[in-house]
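What follows is a set of notes on a single structure, which appears directly below.
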Amino acid sequence: MGRVGVITTSTLVCAPLMVESVEQLLSCMPLAKAQGADVVEVRLDYIKNFQPRQDLETILRNKPLPVIIVHRPKSEGGQYEGDEESRLKALLLAHELGADYVDFELKVAYDLIGAIKKKHGTGKVIVSCYVNGITPSKENFSQLVARMQSIGANIIKIVSNAKDITEMERIFHLLSYSQVPMVAYSEGERGLISQILCPKFGGALVYGCLEENAVPGLPTLQSFRQAYKIEYINSETKVFGLISKPVSHSKGPLLHNPTFRHVNYNGLYVPMFVDNLKEFFSVYSSPDFAGYSVGIPYKEAVIEFCDEVHPLAKSIGAVNTIVRRPTDGKLIGYNTDCEASITAIEDALKGHGNNNSTISFSSPLDGIQFVLVGAGGAGRALAFGAKSRGARVLIFDIDFERAKSLAQAVSGEAQPFENLAHFQPENKAILANATPVGMHPNTDRIPVAEATLGDYQLVFDAVYTPRKTRLLKDADAAGAIIVSGVEMFLRQAIGQFTLFTGKEAPTAFMREIVLAKF
């Protein structure tokens, strides 16, 4: 495995600045530098009442770091709607005035690049192409790259708008085989990994937004520098990720990536917005993609795509962790949710002196009514865990057939979901929410009637964004013991880390991160 802790990538981090005035631009550039940008992309097409010579001289005279000048027409995904001659004159002027990089679209670069080179400017030329619609095949992509390389640009850039994460593999292929420095990525949440994994495949540039101006599908500059540490990514970096839909809520990168570095393991953990499991596993089949966490809504469905399933995960019927076995490339499915959730609940009860049993080694859940809301992957882990501790499991789910199926598997009981609003629990019952209700951004909902919360001795919420959900706040106010999904998240991640790396997880270090950042 490659060297860890040694800066090996030459990939630069760029902040695109799309503001309406030169004054705003001059205030944003120092911010971008402070947050970790190596270079900024100045979008002239966003500036209102743009005055070419005056504004360019002001920008270039006051830049605190290198700039890429872009003046993009509407037809290429930009904002400019004026005449073409004026636009091109502005770009040529930027080059003449000493801009570090000037970006020309492929359709005009053939005619201009010769004239640019005759001027002997010190700035570099980027030739770019915005691919709208269906991402080209590898063959068509390669032909496009060959055309762009033949022009003689210093850097070539291709931007697509992918409809599926599997299209990123074509981009990685391009980056790996390009003969000149190349920028290639796809916009949007499905294209997020094309930015983060760019250094692994040799890309020249990645884009990150300012903390104050979040852009969907674009990492922040600070996440590149803190969570992903792209300067340490190299061709031998093993890729791990969360397979989920949606995926923007994931805090896995904030925990796993610093922990990889802490134990000197050359790995990277990224969010993966997956629409089709079959296509995903078919395309990302190389040893580079070494393991996955599995989130909503795939914990049950993903079993079909595992070559082997650990007995506990098989009995639960849900997988939250997949590891690609190095010896033969087979995908092995595990479940670390089960013990994580149940031990979190048990420890909270013990911490409050609520040990139900007189036998010291027995679980405080023994004989207790365990009211579970949600019979999906997380719910199944909780149900099997509760049953293993002797609890009596009662399940509510919008899909009553699914609730009944799980209840039968754990010798429990299922009730129609509509009964939940008026359900009266037994004394000392436990409530566990295993649905996405209350997850960011829809944080104002709870899955049960607020008036019943005081009847539970403990309320657990598998949701971990936000850390203290409305359900937990209301339960706390009602006098119940509360357990956040953050505790479950930490414990299942500790189990995942050991499976991913084969190393003992640094639990104290991981807990410190969770307490500080979650």
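The values are calculated or read from the model by the stated rules, or taken from the named source; none is laboratory data. Bear in mind that the values here come from a model prediction, so they are computed numbers and not experimental data. All Cβ positions, glycine included, derive from the backbone under ideal geometry; neighbour counts span all protein chains shown. Side chains are part of the model used for accessible areas, which takes the heavy atoms of the whole protein and leaves out ligands, DNA and RNA. Shrake-Rupley method; radii C 1.70, N 1.55, O 1.52, S 1.80 Å.
Brief remarks follow.
- For the stretch 34-50, the residues whose amide N sits under 20 Å from a probe point set 7 Å from the Cα of E20 along the beta carbon direction are 42-50.
- Computed about its Cα centre, the charge dipole of the chain is approximately 1100 debye, with only Lys, Arg, Asp and Glu carrying charge at their Cβ.
- Percent carbon-and-sulfur accessible area, the chain, ignoring ligands, DNA and RNA, probe 1.4 Å: 50
- Calculated [222 nm] ellipticity per residue, helices only, for the chain: -10500 deg cm²/dmol; basis is -39500 (n - 2.57) per DSSP H run with n ≥ 4, divided by all residues, nearest 500.
- The angle between the Cα long axis of helix 52-62 and the longest principal axis of the Cα atoms of the chain comes to about 60 degrees, rounded to the nearest 10.
- Packing, taken as the mean count of other beta carbons within 10 Å per residue, orders the peptides 442-454, 206-218, 245-257 from highest to lowest as 245-257, 206-218, 442-454.
- Residue ranking by accessible heavy-atom surface, 1.4 Å probe, largest first, among Y464, Y269 comes out as Y464, Y269.
- Nearest-10 value in Å² for the accessible area of V19, using the 1.4 Å probe: 20
- Accessible surface calculations at 1.4 Å, restricted to protein heavy atoms, place the chain at 42 Å² per residue.
- Overall, the stretch 275-392 carries a charge dipole of about 320 debye about its Cα centre when +1 sits on the Cβ of Lys and Arg and -1 on the Cβ of Asp and Glu, all other atoms neutral.
- Spin-label pair Y110/L499, simplified geometry with 7 Å Cα→Cβ offset, distance in nm: 5.3
- A simple packing score, the average count of other Cβ atoms within 10 Å per residue, orders the peptides 152-162, 335-345, 75-85 as 335-345, 152-162, 75-85, with the highest score first.
- Taking amide H as placed 1.01 Å from N in the peptide plane, the amide H of I158 sits under 5 Å from that of C129, V183, A184, Y185, each at least 5 places away or on another chain.
- Anchor K387: aspartates and glutamates whose Cα lies under 16 Å away (excluding residues fewer than 8 positions away in-chain): D337, E339, E346, D366, E413
- Toward the positive end of the charge dipole of the chain, with +1 on the Cβ of Lys and Arg and -1 on the Cβ of Asp and Glu, the farthest Cα among N266, L458, P16 is that of N266.
- When both bridge partners sit in the chain, DSSP labels roughly 10% of those beta bridges antiparallel.
- Figure note: H71, H352 ranked by solvent-accessible area, largest first, 1.4 Å probe, ligands and nucleic acids not counted: H352, H71.
- Alpha-carbon centroids, the stretch 390-468 and the stretch 88-110: separation in whole Å: 60
- Cα-Cα over 22 Å, subset of K33/K468; K299/K428; K33/K63; K74/K107; K163/K330; K33/K118: K33/K468; K299/K428; K163/K330; K33/K118
- With each label modelled as a point 7 angstrom along the Cα→C-beta vector, the D366-E279 pair spans 5.2 nm.
- Using a cutoff of 8 angstrom between alpha carbon atoms and counting only pairs six or more residues apart, the relative contact order for the stretch 129-184 works out to 45 percent.
- Whole-Hz couplings from phi, Karplus 6.51/-1.76/1.60, listed for the stretch 131-138; x for Gly and Pro: 8, 9, x, 5, 5, x, 5, 4
- Based on C-alpha pairs under 8 angstrom that are at least 6 apart in sequence, the stretch 362-476 has a relative contact order of 24 percent.
- Charged neighbours of L17, selected by a Cβ distance under 9 Å, balance to 0 (K, R count +1; D, E count -1).
- Whole-Hz couplings from phi, Karplus 6.51/-1.76/1.60, listed for the stretch 284-295; x for Gly and Pro: 9, 10, 7, x, 4, 9, 9, x, 9, 8, 10, x
- Hypothetical label at A214: residues of the stretch 235-276 whose amide nitrogen lies under 13 Å (7 Å Cα-Cβ projection): 247-251
- Karplus-derived HN-Hα couplings along the stretch 328-342 (A = 6.51, B = -1.76, C = 1.60, θ = phi - 60°), whole Hz, x at Gly and Pro: 9, x, 6, 8, 10, x, 10, 10, 9, 5, 4, 5, 4, 6, 6
- Packing around the peptides 470-479, 370-379, taken as the average count of other Cβ atoms within 10 Å per residue, puts them in this order, highest first: 370-379, 470-479.
- Accessible area (Å², 1.4 Å probe, nearest 10) - D455: 60
- Amide hydrogen neighbours beyond the local backbone of D100, cut-off 5 Å, H modeled: V67
- Only Lys, Arg, Asp and Glu carry charge here, each on its Cβ (+1 for the first two, -1 for the last two); on that basis the stretch 258-341 has a dipole of about 200 debye about its Cα centre.
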